[in-house]
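Down below is the structure, laid out as structure tokens.
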Amino acid sequence: MIEKQIANKIKLIRKSKGMTLAQLGEETKLSKGLLSRIENNRVSPPIATLSKIAQGLDVPIGTFFEDADGDQNKFAVTYKNDRCQVVRAGRKMGFIYYSLSQLKSNHIINPFIVKYPVIKKEPDFFYDHPGEEFFMVLKGDVQFIYGKKKIHLRKGDAIHFDPTVPHRGQNIGDKESECLVIVVGAHVK
């Protein structure tokens, strides 16, 4: 079933871009015959081949695995108890990230709840990446370091900033702090 869905998606995207099998073959360095067999669900391509096809069509590889139901790709509800913990930079310092969005399609925002543990030693790393970022304290006291500035933020305080400047948040209270972080226009590690 998933193979048929993938085959249909590839054909649909290729045709919507006005590409022939030969043109897609040139982009991917895959033969026209192989691409035809994939689109007609005669061959189940390995991930490496799907990756080449995704690059040739200029779409994220996840596009091939999205449900055909259009509404399911337009919204995602994430209930509190269903938040997924994700691995991000900062985990060595005990930061815990929970994704607030389960959208599988290509999107430009990445919303998280970040839990900062009580720390004894100040971290020595910073984040910097393209895009925009919004940071709001939901619980506790946080020192937000932005470039050379140190900004004390309490529950309800927020900062919206250019994340190309080195930055980080750190707990300065005696209990775990929790923040809403929304990264726009960049996939950060």
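The values are calculated or read from the model by the stated rules, or taken from the named source; none is laboratory data. Please read all numbers here as calculations on a predicted model, not as lab measurements. Quick reminder, even Gly has a Cβ in these numbers, built from the backbone with ideal geometry, and neighbours come from all protein chains shown.
Per-residue answers, yes or no, for (1) more than 18 Å from Ile182 (Cα to Cα); (2) at pLDDT 95 or above:
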{"position": "Asp124", "(1), (2)": "yes, no"}
{"position": "Gln143", "(1), (2)": "no, yes"}
{"position": "Ile151", "(1), (2)": "yes, yes"}
{"position": "Arg154", "(1), (2)": "no, yes"}
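Please go through the stretch 1-18 and pick out each residue that is within 11 Å of Ile53 (Cβ to Cβ) and out of contact with any Asp or Glu (no Cβ under 7 Å at 6 or more places or on another chain).
Ile6, Lys9, Ile13, Arg14
Scan (1) touching a strand residue (DSSP E or B) at 6+ places or on another chain (Cβ under 6 Å); (2) at pLDDT 95 or above for the single condition Tyr98 breaks and write down its number.
Here Tyr98 clears every test but (2).
All but one of (1) of a type outside the set (S, T, N, Q); (2) in a helix (DSSP H, G or I); (3) touching a residue at least 12 places away in the same chain (Cβ under 8 Å) hold for Ala22, so report the exception by its number.
(3) is the only condition that Ala22 fails.
Somewhere in the stretch 50-71, is a residue at pLDDT below 90, under 30 Å from Lys121 (Cβ atoms) and of a type in the set (D, E, K, R)?
So far as the stretch 50-71 goes, no, none of its residues is at pLDDT below 90, under 30 Å from Lys121 (Cβ atoms) and of a type in the set (D, E, K, R).
If you check Val114 against the conditions, is it under 28 Å from Phe65 (Cβ atoms), among the β-branched types (Val, Ile, Thr) and at pLDDT 85 or above?
yes
Residues are listed down the side, and each one gets a yes or a no for (1) under 16 Å from Val59 (Cα atoms); (2) surrounded by fewer than 15 Cβ atoms within 10 Å (Cβ to Cβ):
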residue: Lys15; (1), (2): yes, yes
residue: Gly25; (1), (2): yes, no
residue: Gly33; (1), (2): no, yes
residue: Ile38; (1), (2): no, no
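Looking at Lys139, is it in contact (Cβ under 8 Å) with a residue 60 or more places away in the chain, surrounded by 13 or more Cβ atoms within 10 Å (Cβ to Cβ) and within 27 Å of Val77 (Cα to Cα)?
The answer is no for Lys139.
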